[in-house]
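Asks: Please find one structure pasted underneath; my questions will follow.
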Amino acid sequence: MMKNKNLKSVLFITLVLVLINLAGNFYFQRFDLTADQRYTLSPTTLKIIKEAQEPLIVDVFLKGEFPGEMKKLQTETQQILEEFKAYNSNIVFQFVNPLEEEEKRDATIQAFLERGLTPINVTLNDKGKQTQEVAFPWAIATYHGRSVKVPLLKNIMGASIAEKVVSSVQHLEYAFTSAFNSVTKPKQKKVAVIKGNGELNDLLMGDFIKQVKENCFIGTFTLDSVAKKPTETLAVLKKYDLAVIVKPIERFSDEEKLVLDQFVMNGGKTLWLIDQVNIEMDSLYNESGSTLAFPNDLNLNDLFFKYGIRINPDMVKDIMAAPITLATGENGSGTQYNQFPWFYSPLVYPKAKHPIVSNLDAIKFEFTNGIDTLKNGIKKTVLLQSSPYSRLVGAPVEVKLEMVNDRPEQAEFLNKGNLPVAILLEGKFRSAFENRVMPFQEKSFQSLGKTNKMIVISDGDIIKNQLDKNYQPLELGYDKWTNKLYGNKEFLMNCVNYLLDDNGLINIRSKVVNLPILDKEKVYDNYTSAQMVSVGLPLLILAIFGILFTFLRKRKYSK
């Protein structure tokens, strides 16, 4: 009787397991039990990863001995990739130690540097003993022979490795999804870099162009032809998805403004980087150490006014400023190079709750202007603003290098700060030429545009990269004089991605992950007790269980 009952139980359990397995073949579901839902992929991510119809290979260079913080990044990277693979078996990943072969170490490091995969130095601690190791916090995603690099560790000024890891884990899903989107889809979007009004030289924005080129077609579009063939020029410009206008210094004609205006009315996205005050940092390096900053009339005020903003001909002076390096002391062997805060280079830390600026490092500006917003029915989001301890300085004004010795009083900045310097505008724009005599006849003229978006930044230098000794572009945001890397590149690429984003990919950046990090100081202070709790206590519990089980077993079967 007992045997029949046990047999029925076994058969019932077997039947249930078979049914569960059969159901699993038809219904797929994963459960994320984390409090912050860090492993729950967004609908956009799921849509993109399912488009990989053939093997998508991901090589992660995070294999080896790392400190606890880097191991956490290693673990989180593996878990997010496993989550991708669960939804699409074509995603194949492997962890690789690029420095495993010691004899090829130097050659490997050089090869990685040439590909833009910069290493970091990590410190391994073992009971007070420290050793230095090199790590490459990067991954390479390859599909159909096309590869794209994936940064795994964000570079944040002044942050510890632990803080960088926490910030980086929040963007792992976006980093990989953006890379997968790049390699699985052919280039489609077209970006025009507008020329013809003294805009910034391509070499000085070379790193930006190089980065955009990875995902989009990008080329120069000159407005010189507007004077003779305005209608034809507009027709060609309409074929582009985004126009980037960087630091023009010459006035725009009404014909050129109408071409840009109708590009916007027809749904073209625009990224404006405009200086309303004419001054260059290089012009200060003379015998007097001074120069005159004066307003720059670009004839764009009416255009911006109609769109809902005004860029003022003044400069933001900010106590929260980036440093510059100046030579001090006597000429020759007595010369020393020291860093001083430069109050006309605001260091802006993003505060807005928007995916463009989510979790960004400080962004360096130079001679930026204040922006006013005007009421006109367009949605305006202030992306970046100066610190509370900033104020406006009107132009014309003399600017001197010796101001680095000034110690401004906070009282002169009281209630004058938080000045907008980058604004996102979204909505249906009205033409600046509505109810006006047009400079040329345009049959397709539209007074009310399609739903559109543009970003206006009151500084052209934010996109400028420095040059190395061979006059090649350095990484955007890197200052070779102070050896600091600012968040300019990530911010501008987020702007481009947001303006061209049709599937909401950049919204993944808003994801917040609460990542607990082990406190190493507490571990060292309580090393013995931690060992007892983590190692000794489980063994003690196991021993007690074994003794108790043996005692009860003997007691039961000895009768």
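The values are calculated or read from the model by the stated rules, or taken from the named source; none is laboratory data. Since we're looking at a predicted model, the values are computed, not measured. Please note: Cβ atoms are built from the backbone with ideal geometry, for glycine as well, and neighbour counts cover all protein chains shown. Please note that ligands, DNA and RNA were not included when accessible areas were found on the heavy atoms of the full protein model with its side chains. Shrake-Rupley method; radii C 1.70, N 1.55, O 1.52, S 1.80 Å.
Asks: With n ≥ 4 as the cut-off for DSSP H runs, can you work out [θ] at 222 nm for the chain, using -39500 (n - 2.57) per run divided by the number of residues, rounded to the nearest 500?
Replies: Values: 14 runs with 164 residues, N = 559.
Taken over the chain, the calculation gives -9000 deg cm²/dmol.
Asks: While we're here: Any number yet on Rg/Rh for the chain, C-alpha, Kirkwood?
Replies: Working: Rg = 29.6 Å, Rh = 27.5 Å.
Value, to two decimals: 1.07.
Asks: May I ask you to order 56-66, 539-549, 294-304 by the average number of other C-beta atoms within 10 Å around their residues, highest value first? Write out the running numbers ahead of the final one.
Replies: Values: 56-66: 18.6, 539-549: 10.1, 294-304: 16.9.
For the peptides 56-66, 539-549, 294-304, the packing ranking is 56-66, 294-304, 539-549.
Asks: Shifting gears a bit: What does the extension gain come out to for residue 121 and residue 400, with contour length at 0.36 nm per residue minus their alpha carbon separation?
Replies: Gain on extension, residue 121 to residue 400, equals 96.5 nm.
Asks: Set the bar at 22 Å for Cα to Cα. Now go through 154/353; 317/464; 239/428 and name every pair that lies beyond it. Each step should come with its number before you reach the end.
Replies: On the way: 154/353 19 Å; 317/464 20 Å; 239/428 20 Å.
Pairs exceeding 22 Å: none.
Asks: So, for the chain, what is the accessible surface per residue at a probe of 1.4 Å, expressed in square angstrom?
Replies: On a per-residue basis, 53 Å².
Asks: Here is a further query. Carbon and sulfur: what percent of the chain's accessible surface (1.4 Å probe)? List each step's numbers first, then the result.
Replies: Values: 16320 of 29890 Å².
Exposed carbon and sulfur together represent 55 percent of the surface.
Asks: May I ask for the Kirkwood hydrodynamic radius of the range 91-236, worked out over all distinct Cα pairs and given in angstroms to one decimal?
Replies: On the way: mean 1/r = 0.0524 Å⁻¹.
When all Cα pairs of the range 91-236 are included, the Kirkwood radius is 19.1 Å.
Asks: Along the charge dipole of the chain, Cβ charges K/R +1 and D/E -1, which of 243, 181, 377 sits furthest on the positive end?
Replies: Checking the options against the dipole of the chain, the answer is 181.
Asks: Another question, then. If the limit is 24 Å between Cα atoms, which of 195/229; 85/185; 50/380; 63/469; 375/489 go over it?
Replies: Numbers: 195/229 16 Å; 85/185 19 Å; 50/380 35 Å; 63/469 35 Å; 375/489 31 Å.
From 195/229; 85/185; 50/380; 63/469; 375/489, over 24 Å: 50/380; 63/469; 375/489.
Asks: Could I ask something else about it? For the range 220-253 and the range 333-374, write down the distance between their C-alpha centroids in whole Å.
Replies: 30
Asks: If you count, for each residue, the other Cβ atoms within 10 Å and average over each peptide, how do 393-402, 455-464 line up from highest to lowest?
Replies: Numbers: 393-402: 14.4, 455-464: 25.1.
Highest-to-lowest ranking by the protection proxy: 455-464, 393-402.
Asks: Multiply the residue gap between residue 550 and residue 292 by 0.36 nm, knock off their C-alpha separation, and tell me the result in nm, one decimal place. Each step should come with its number before you reach the end.
Replies: Numbers: separation 258, 0.36 × 258 = 92.88 nm, distance 9.16 nm.
Residue separation times 0.36 nm, minus the Cα-Cα distance, leaves 83.7 nm.
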